[in-house]
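Colleague: Just dropping this structure here.
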């Protein structure tokens, strides 16, 4: 189940857990509880982090190609 969720949920919680050495489940619980308490505003933060992570991945791919000018 966790692999399915990480594959389709951008891997934001997993990445934050690795970076700050915090269990991924704690980060997920933080996003869930804070979303209920603040009426969904952490969802915007989550999506912004997902966009930044994806954008960085695209930039890394582009710079590692053989035909980069």
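Colleague: State the extension gain, in nm to one decimal, for the chain segment bounded by residue 45 and residue 60, taking 0.36 nm per residue of separation less the distance between their alpha-carbons. List each step's numbers first, then the result.
Modeller: Values: separation 15, 0.36 × 15 = 5.40 nm, distance 2.26 nm.
The span from residue 45 to residue 60 would gain 3.1 nm if fully extended.
Colleague: Points 7 angstrom from Cα along the Cβ direction at residue 25 and residue 38: gap in nanometres?
Modeller: My value for the distance between the label points is 2.4 nm.
Any read-out appearing in this document is the output of simple, stated calculations on the displayed coordinates, not a laboratory observation. Please read these numbers as outputs of a predicted model, since none were measured by experiment. Counting neighbours? That spans all protein chains shown, and the Cβs are built from the backbone with ideal geometry, glycine included.
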